[in-house]
Amino acid sequence: MNIFSNKKKENKKKSQKKQDQPKDETLKEEFIEISDIADPKSVSKADSEVREALNQATKTDLRNILMISQGRCPICHGRTDRFLFTVVCPTCGWFKRKTPEKGHSHVYLTNGQEIICDYIHHGKEEYLCIRGGVVVSEVMKSSVRNIDFIWAKNELKDAREQSHKVQGGTCAWCGKISEGGNEKDIFEDYAAFGSTQEHYRFCSEKCQRAFRKQYPSRIHRNCYETDCNTCNLCIRRFDTRNFKRNI
């Protein structure tokens, strides 16, 4: 039994070691070379530190995603402005943007030279121009005059249609998908059913009234009729400065 048990442990260690190895062939060779000459305790300690760092990084990524989805800046926690492909924080200047997937980018240098690439990586002091999955040029930021992002027509069209659907949202009462359109046809409410403010959109006044009748707000009796900008009874999640009630 001990022999079989030892073999199982050895196989498990080998399997675990194989899983922990990098998928990149160059890094894999370096990993094997270093791990063969290193102290096993040091390798195990490094592995534990890496796992801990990955867990922490994952938590940070999830936190940032949740902050952005709630309309907040992950750096200063200020309210953000959302544009097509871009989220901007007017308070601290942080921004998150998406670059063309089907189009390309033009990098114009101060000497008049132009570099066309698919993707631009922003380093601390330099830009890496990538085309076809390969770095074709590395230029210092000080030598760049401006960068133009050329979007494919279909890519912009699809993005705008998706944006309209997101802005229009789904009716909180009947579930009908709205594609935005005229602002006069938008019916919405900011209400708190617990201690946190929520945002609800409706496709018609009829659905809005039915929703209000079925789900009365629980923070204060007239939550549906109260101006959110003058109320501090709940935790506000949305910026309602431009909000105009339709009823």
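The values are calculated or read from the model by the stated rules, or taken from the named source; none is laboratory data. In this text the structure is predicted, and so the values were computed from the model without any measurement. Because the Cβ atoms are built from the backbone with ideal geometry, glycine has one as well, and the counts that use them run over all protein chains shown.
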Being within 30 Å of G132 (Cβ to Cβ) and in contact with a Lys or Arg (Cβ under 8 Å, 6 or more places away or on another chain) is the requirement here; does V107 meet it?
no
Please name all residue pairs, on different chains or six or more residues apart, with Cβ atoms under 7 Å, provided the first residue is in the stretch 37-51 and is acidic (D, E) and the second residue is in a helix (DSSP H, G or I).
D47/D20
Does the stretch 195-212 contain at least one residue that is modelled with pLDDT under 80 and surrounded by 12 or more Cβ atoms within 10 Å (Cβ to Cβ)?
no
Selection from the stretch 80-125 of residues that are more than 16 Å from the chain's Cα centre (by Cα), surrounded by 11 or more Cβ atoms within 10 Å (Cβ to Cβ) and not in a loop (DSSP other than H, G, I, E, B):
H104, S105, H106, V107, Y108, L109, I115, I116, C117, Y119, I120, H121
